[in-house]
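Trainee: Dumping the structure here so I can ask a few things about it.
The values are calculated or read from the model by the stated rules, or taken from the named source; none is laboratory data. Just so it is clear, the model here is predicted, and its values are computed rather than measured. For neighbour counting, all protein chains shown are included, and Cβ atoms are generated from backbone atoms with ideal geometry for every residue, glycine included.
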Amino acid sequence: MGVGLAYHLGHEGWGDGTVLLEKAELTSGSTWHAAGQITHSTSSFGLGKCVDYNIGLYSGGLEAETGQPVTWHGCGSFRLAYTEDEMDWLRHTLSVGRSLGFNIELVGPEKVAELHPFYNLDGVLGALHTPDDGHVDPTNVTMALAAGARQKGVQIIRQCRATNITQLPSGEWQVETDKGTITCEHVVNAGGTYARQMGEWSGLQLPMTSMTHHYFVTEPVPEFEAL
Ligand SMILES: Cc1cc2nc3c(=O)[nH]c(=O)nc-3n(C[C@H](O)[C@H](O)[C@H](O)COP(=O)(O)OP(=O)(O)OC[C@H]3O[C@@H](n4cnc5c(N)ncnc54)[C@H](O)[C@@H]3O)c2cc1C
(Lines give C-alpha, C1' and ligand atoms only; values in the text may rest on other atoms or scores of the structure.)
Protein backbone atom coordinates (compact mmCIF):
# COMPACT_ATOMS: atom_id res chain seq x y z
CA MET A 1 0.00 0.00 0.00
CA GLY A 2 2.83 2.40 0.86
CA VAL A 3 4.79 1.99 -2.37
CA GLY A 4 1.56 1.79 -4.37
CA LEU A 5 0.45 5.16 -3.04
CA ALA A 6 3.95 6.66 -3.45
CA TYR A 7 4.02 5.45 -7.09
CA HIS A 8 0.64 7.02 -7.84
CA LEU A 9 1.41 10.28 -6.01
CA GLY A 10 4.54 10.45 -8.18
CA HIS A 11 2.42 10.06 -11.30
CA GLU A 12 0.08 12.79 -10.06
CA GLY A 13 3.04 15.19 -9.84
CA TRP A 14 3.59 14.88 -6.05
CA GLY A 15 6.86 12.91 -6.27
CA ASP A 16 9.19 15.64 -5.05
CA GLY A 17 8.43 16.14 -1.38
CA THR A 18 6.87 12.70 -0.85
CA VAL A 19 8.76 10.53 1.65
CA LEU A 20 8.01 6.86 2.35
CA LEU A 21 9.30 5.47 5.65
CA GLU A 22 9.94 1.74 6.13
CA LYS A 23 11.04 0.46 9.53
CA ALA A 24 12.81 -2.56 8.06
CA GLU A 25 13.01 -3.55 4.37
CA LEU A 26 10.32 -3.08 1.72
CA THR A 27 7.99 -6.14 1.72
CA SER A 28 8.94 -7.19 5.24
CA GLY A 29 5.30 -6.86 6.39
CA SER A 30 2.29 -8.93 5.28
CA THR A 31 3.27 -8.41 1.65
CA TRP A 32 6.15 -10.83 1.99
CA HIS A 33 3.73 -13.61 3.04
CA ALA A 34 1.08 -13.04 0.39
CA ALA A 35 0.44 -15.69 -2.24
CA GLY A 36 -0.04 -12.86 -4.72
CA GLN A 37 -3.32 -14.05 -6.18
CA ILE A 38 -5.43 -11.33 -7.78
CA THR A 39 -9.03 -12.12 -8.60
CA HIS A 40 -11.98 -10.36 -10.17
CA SER A 41 -14.22 -12.42 -7.85
CA THR A 42 -15.00 -9.66 -5.43
CA SER A 43 -18.44 -8.68 -4.25
CA SER A 44 -17.42 -5.07 -3.63
CA PHE A 45 -17.79 -2.48 -6.38
CA GLY A 46 -14.89 -0.36 -5.05
CA LEU A 47 -12.53 -3.28 -4.47
CA GLY A 48 -13.47 -4.71 -7.88
CA LYS A 49 -12.41 -1.50 -9.59
CA CYS A 50 -9.09 -1.53 -7.67
CA VAL A 51 -8.41 -5.16 -8.58
CA ASP A 52 -9.16 -4.60 -12.25
CA TYR A 53 -6.93 -1.51 -12.31
CA ASN A 54 -4.09 -3.41 -10.60
CA ILE A 55 -4.30 -6.33 -13.02
CA GLY A 56 -4.04 -3.83 -15.87
CA LEU A 57 -1.02 -2.17 -14.27
CA TYR A 58 0.82 -5.40 -13.42
CA SER A 59 0.12 -7.14 -16.73
CA GLY A 60 0.66 -3.95 -18.71
CA GLY A 61 3.19 -1.16 -18.58
CA LEU A 62 4.72 -1.34 -15.07
CA GLU A 63 7.54 -3.68 -16.07
CA ALA A 64 8.47 -1.69 -19.18
CA GLU A 65 8.27 1.60 -17.28
CA THR A 66 10.51 0.54 -14.40
CA GLY A 67 12.73 -2.21 -15.86
CA GLN A 68 11.77 -4.33 -12.83
CA PRO A 69 10.16 -7.75 -13.47
CA VAL A 70 6.57 -7.91 -12.21
CA THR A 71 6.13 -11.69 -12.78
CA TRP A 72 2.48 -11.42 -13.84
CA HIS A 73 1.08 -14.89 -14.58
CA GLY A 74 -2.40 -14.71 -16.08
CA CYS A 75 -3.81 -18.18 -15.42
CA GLY A 76 -7.45 -17.39 -14.57
CA SER A 77 -9.15 -18.80 -11.50
CA PHE A 78 -12.19 -20.52 -10.04
CA ARG A 79 -14.08 -19.78 -6.84
CA LEU A 80 -16.04 -22.81 -5.70
CA ALA A 81 -19.36 -23.14 -3.88
CA TYR A 82 -20.32 -26.18 -1.80
CA THR A 83 -23.61 -24.93 -0.34
CA GLU A 84 -26.65 -22.98 -1.59
CA ASP A 85 -25.59 -20.01 0.58
CA GLU A 86 -22.24 -19.99 -1.19
CA MET A 87 -24.01 -20.22 -4.54
CA ASP A 88 -26.03 -17.13 -3.55
CA TRP A 89 -22.77 -15.31 -2.80
CA LEU A 90 -21.34 -16.37 -6.18
CA ARG A 91 -24.47 -15.03 -7.94
CA HIS A 92 -24.10 -11.75 -6.06
CA THR A 93 -20.41 -11.57 -6.98
CA LEU A 94 -21.33 -12.38 -10.59
CA SER A 95 -23.76 -9.45 -10.72
CA VAL A 96 -21.15 -7.05 -9.28
CA GLY A 97 -18.54 -8.33 -11.76
CA ARG A 98 -20.92 -8.03 -14.71
CA SER A 99 -21.88 -4.48 -13.78
CA LEU A 100 -18.16 -3.66 -13.84
CA GLY A 101 -17.78 -5.27 -17.27
CA PHE A 102 -15.56 -8.12 -16.06
CA ASN A 103 -15.01 -11.38 -17.91
CA ILE A 104 -16.83 -13.58 -15.37
CA GLU A 105 -19.21 -16.54 -15.60
CA LEU A 106 -20.98 -18.99 -13.31
CA VAL A 107 -20.16 -22.57 -14.35
CA GLY A 108 -20.95 -26.10 -13.23
CA PRO A 109 -18.45 -28.69 -11.92
CA GLU A 110 -18.07 -30.25 -15.40
CA LYS A 111 -16.59 -27.01 -16.76
CA VAL A 112 -14.13 -26.85 -13.82
CA ALA A 113 -13.08 -30.45 -14.54
CA GLU A 114 -12.57 -29.62 -18.21
CA LEU A 115 -10.28 -26.65 -17.52
CA HIS A 116 -8.57 -27.94 -14.37
CA PRO A 117 -8.58 -31.76 -14.18
CA PHE A 118 -6.84 -31.85 -10.76
CA TYR A 119 -9.67 -30.32 -8.72
CA ASN A 120 -11.43 -32.61 -6.28
CA LEU A 121 -15.00 -31.66 -7.15
CA ASP A 122 -16.80 -33.80 -4.52
CA GLY A 123 -19.75 -31.75 -3.28
CA VAL A 124 -19.07 -28.78 -5.55
CA LEU A 125 -22.31 -27.14 -6.76
CA GLY A 126 -20.81 -24.51 -9.02
CA ALA A 127 -17.98 -22.05 -9.48
CA LEU A 128 -17.23 -18.57 -10.66
CA HIS A 129 -14.75 -18.64 -13.51
CA THR A 130 -12.69 -15.47 -13.94
CA PRO A 131 -10.27 -16.13 -16.83
CA ASP A 132 -8.51 -12.74 -16.55
CA ASP A 133 -7.21 -13.41 -13.02
CA GLY A 134 -3.62 -14.24 -12.22
CA HIS A 135 -0.85 -14.05 -9.70
CA VAL A 136 2.35 -12.12 -9.09
CA ASP A 137 5.33 -12.31 -6.80
CA PRO A 138 4.39 -9.55 -4.32
CA THR A 139 8.06 -8.71 -3.73
CA ASN A 140 8.65 -8.02 -7.41
CA VAL A 141 5.53 -5.85 -7.65
CA THR A 142 6.61 -3.88 -4.59
CA MET A 143 10.10 -3.33 -5.99
CA ALA A 144 8.67 -2.25 -9.36
CA LEU A 145 6.30 0.24 -7.72
CA ALA A 146 9.20 1.51 -5.57
CA ALA A 147 11.39 1.96 -8.66
CA GLY A 148 8.57 3.83 -10.43
CA ALA A 149 8.04 6.06 -7.38
CA ARG A 150 11.77 6.87 -7.15
CA GLN A 151 11.83 7.74 -10.85
CA LYS A 152 9.18 10.37 -10.06
CA GLY A 153 11.21 11.86 -7.20
CA VAL A 154 9.77 10.01 -4.18
CA GLN A 155 12.30 9.45 -1.40
CA ILE A 156 12.14 5.99 0.22
CA ILE A 157 13.93 5.71 3.56
CA ARG A 158 14.44 2.13 4.73
CA GLN A 159 15.47 1.10 8.26
CA CYS A 160 13.60 4.15 9.59
CA ARG A 161 10.86 3.53 12.16
CA ALA A 162 8.08 6.07 12.77
CA THR A 163 7.61 6.36 16.53
CA ASN A 164 4.92 9.03 16.88
CA ILE A 165 2.57 11.17 14.77
CA THR A 166 1.02 14.37 16.13
CA GLN A 167 -0.76 17.32 14.60
CA LEU A 168 0.72 20.80 15.20
CA PRO A 169 -1.44 23.88 15.94
CA SER A 170 -0.63 25.02 12.36
CA GLY A 171 -2.47 21.95 11.04
CA GLU A 172 0.76 20.38 9.81
CA TRP A 173 1.84 16.96 10.99
CA GLN A 174 4.94 16.02 12.91
CA VAL A 175 6.25 12.50 12.31
CA GLU A 176 8.88 11.41 14.80
CA THR A 177 11.23 8.66 13.68
CA ASP A 178 14.30 6.99 15.11
CA LYS A 179 16.33 9.05 12.63
CA GLY A 180 14.81 12.48 13.29
CA THR A 181 11.55 14.40 12.88
CA ILE A 182 9.67 15.25 9.67
CA THR A 183 7.10 18.05 9.47
CA CYS A 184 4.64 17.64 6.60
CA GLU A 185 1.28 18.68 5.18
CA HIS A 186 -0.21 15.19 4.89
CA VAL A 187 0.48 11.82 6.52
CA VAL A 188 -0.71 8.48 5.16
CA ASN A 189 -0.76 5.55 7.56
CA ALA A 190 0.29 2.48 5.51
CA GLY A 191 1.49 0.49 8.51
CA GLY A 192 -0.32 -2.74 7.59
CA THR A 193 -1.02 -4.82 10.70
CA TYR A 194 0.48 -1.99 12.80
CA ALA A 195 -1.86 0.64 11.30
CA ARG A 196 -4.25 0.54 14.26
CA GLN A 197 -1.48 1.23 16.78
CA MET A 198 -0.08 3.99 14.54
CA GLY A 199 -3.51 5.61 14.33
CA GLU A 200 -3.74 5.65 18.11
CA TRP A 201 -0.71 7.99 18.24
CA SER A 202 -2.93 10.77 16.93
CA GLY A 203 -6.13 9.67 18.67
CA LEU A 204 -7.65 7.62 15.82
CA GLN A 205 -9.53 4.44 16.64
CA LEU A 206 -9.36 2.41 13.44
CA PRO A 207 -11.76 -0.56 13.46
CA MET A 208 -9.15 -3.10 12.39
CA THR A 209 -7.87 -6.38 13.68
CA SER A 210 -5.37 -8.93 12.42
CA MET A 211 -6.83 -12.26 11.36
CA THR A 212 -5.23 -15.68 11.28
CA HIS A 213 -4.51 -16.99 7.80
CA HIS A 214 -3.55 -20.60 7.04
CA TYR A 215 -1.72 -21.88 3.99
CA PHE A 216 0.74 -24.55 2.99
CA VAL A 217 3.51 -24.74 0.43
CA THR A 218 4.29 -27.99 -1.38
CA GLU A 219 7.17 -29.30 -3.41
CA PRO A 220 6.52 -29.13 -7.18
CA VAL A 221 3.70 -31.51 -8.22
CA PRO A 222 4.72 -33.21 -11.52
CA GLU A 223 1.12 -33.54 -12.77
CA PHE A 224 0.60 -29.76 -12.38
CA GLU A 225 3.89 -29.02 -14.10
CA ALA A 226 2.92 -31.24 -17.03
CA LEU A 227 -0.42 -29.42 -17.33
C1 LIG B 1 -0.32 -15.80 4.25
C2 LIG B 1 -0.94 -14.63 3.50
C3 LIG B 1 -1.40 -14.81 2.19
C4 LIG B 1 -1.98 -13.75 1.49
N5 LIG B 1 -2.36 -13.95 0.19
C6 LIG B 1 -2.89 -12.92 -0.52
C7 LIG B 1 -3.23 -13.08 -1.90
O8 LIG B 1 -3.07 -14.16 -2.48
N9 LIG B 1 -3.76 -12.02 -2.56
C10 LIG B 1 -3.95 -10.80 -1.93
O11 LIG B 1 -4.42 -9.87 -2.58
N12 LIG B 1 -3.63 -10.62 -0.62
C13 LIG B 1 -3.10 -11.64 0.08
N14 LIG B 1 -2.75 -11.46 1.40
C15 LIG B 1 -3.03 -10.15 2.01
C16 LIG B 1 -1.91 -9.17 1.63
O17 LIG B 1 -0.66 -9.74 1.94
C18 LIG B 1 -2.06 -7.86 2.43
O19 LIG B 1 -3.36 -7.35 2.28
C20 LIG B 1 -1.07 -6.81 1.93
O21 LIG B 1 0.24 -7.32 1.81
C22 LIG B 1 -1.06 -5.64 2.91
O23 LIG B 1 -0.12 -4.69 2.44
P24 LIG B 1 0.20 -3.42 3.31
O25 LIG B 1 1.15 -2.59 2.54
O26 LIG B 1 -1.07 -2.81 3.80
O27 LIG B 1 0.90 -3.99 4.64
P28 LIG B 1 2.40 -4.57 4.87
O29 LIG B 1 2.89 -5.35 3.72
O30 LIG B 1 2.39 -5.23 6.21
O31 LIG B 1 3.26 -3.26 4.92
C32 LIG B 1 3.31 -2.42 6.06
C33 LIG B 1 4.73 -1.94 6.18
O34 LIG B 1 4.79 -0.95 7.20
C35 LIG B 1 6.01 -1.12 7.88
N36 LIG B 1 5.86 -0.50 9.21
C37 LIG B 1 5.05 -0.92 10.22
N38 LIG B 1 5.18 -0.10 11.28
C39 LIG B 1 6.08 0.86 10.92
C40 LIG B 1 6.64 2.00 11.60
N41 LIG B 1 6.32 2.30 12.87
N42 LIG B 1 7.54 2.78 10.93
C43 LIG B 1 7.90 2.50 9.63
N44 LIG B 1 7.41 1.41 8.96
C45 LIG B 1 6.52 0.62 9.59
C46 LIG B 1 6.22 -2.63 7.96
O47 LIG B 1 7.59 -2.97 8.14
C48 LIG B 1 5.69 -3.07 6.59
O49 LIG B 1 6.71 -3.23 5.61
C50 LIG B 1 -2.15 -12.49 2.12
C51 LIG B 1 -1.68 -12.30 3.43
C52 LIG B 1 -1.08 -13.35 4.10
C53 LIG B 1 -0.56 -13.09 5.51
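Trainee: For residues that are within 13 Å of the ligand (Cβ to nearest atom) and surrounded by 14 or more Cβ atoms within 10 Å (Cβ to Cβ), tally how many sit in the stretch 38-47.
Mentor: Counting residues in the stretch 38-47 that are within 13 Å of the ligand (Cβ to nearest atom) and surrounded by 14 or more Cβ atoms within 10 Å (Cβ to Cβ) gives 5.
Trainee: Here is a follow-up. Please list, ordered by residue number, the helices (runs of 4 or more DSSP H) wholly in the stretch 10-85 having 2 or more residues that are more than 12 Å from the chain's Cα centre (by Cα).
Mentor: Filter on the stretch 10-85 gives 45-59, 62-66.
Trainee: Same structure again: Restricting attention to the stretch 73-80, does a residue exist that is farther than 19 Å from His213 by Cβ, surrounded by 14 or more Cβ atoms within 10 Å (Cβ to Cβ) and in contact with a Phe, Trp or Tyr (Cβ under 8 Å, 6 or more places away or on another chain)?
Mentor: yes
Trainee: Inspect all residues belonging to the stretch 100-117 and state whether any of them is surrounded by 15 or more Cβ atoms within 10 Å (Cβ to Cβ), more than 23 Å from the chain's Cα centre (by Cα), aliphatic (A, V, I, L, M) and assigned to a helix (DSSP H, G or I).
Mentor: yes
Trainee: Also: So Thr31 ticks every box in (1) over 20 Å from Gln159 (Cα atoms); (2) within 9 Å of the ligand (Cβ to nearest atom) but one. Which box is left unticked?
Mentor: (1) is the only condition that Thr31 fails.
Trainee: Go through (1) polar (S, T, N, Q); (2) modelled with pLDDT of 95 or more; (3) more than 9 Å from the ligand (Cβ to nearest atom); (4) surrounded by fewer than 17 Cβ atoms within 10 Å (Cβ to Cβ) for Thr130 and report which single condition fails.
Mentor: (4)
Trainee: Which of the following residues is in contact with a Ser or Thr (Cβ under 6 Å, 6 or more places away or on another chain), assigned by TED's automatic domain parsing to the domain that holds Gln68 and either touching a residue at least 60 places away in the same chain (Cβ under 8 Å) or in a loop (DSSP other than H, G, I, E, B) (or both): Leu128, Leu121? Break it down into steps so the answer makes sense when it comes.
Mentor: Values: Leu121 fails: in contact with a Ser or Thr (Cβ under 6 Å, 6 or more places away or on another chain).
Among Leu128, Leu121, only Leu128 is in contact with a Ser or Thr (Cβ under 6 Å, 6 or more places away or on another chain), assigned by TED's automatic domain parsing to the domain that holds Gln68 and either touching a residue at least 60 places away in the same chain (Cβ under 8 Å) or in a loop (DSSP other than H, G, I, E, B) (or both).
Trainee: Determine which member of the set Val107, Val124 is touching a His at 6+ places or on another chain (Cβ under 6 Å) and either among the aliphatic types (A, V, I, L, M) or at pLDDT below 95 (or both).
Mentor: That would be Val107, the only listed residue that is touching a His at 6+ places or on another chain (Cβ under 6 Å) and either among the aliphatic types (A, V, I, L, M) or at pLDDT below 95 (or both).
Trainee: If you don't mind, there's one more thing I want to ask. Kindly indicate which of Gln159, Gln197 is at positive phi and within 13 Å of the ligand (Cβ to nearest atom).
Mentor: Working: Gln197 fails: at positive phi.
Of the residues listed, the single one that is at positive phi and within 13 Å of the ligand (Cβ to nearest atom) is Gln159.
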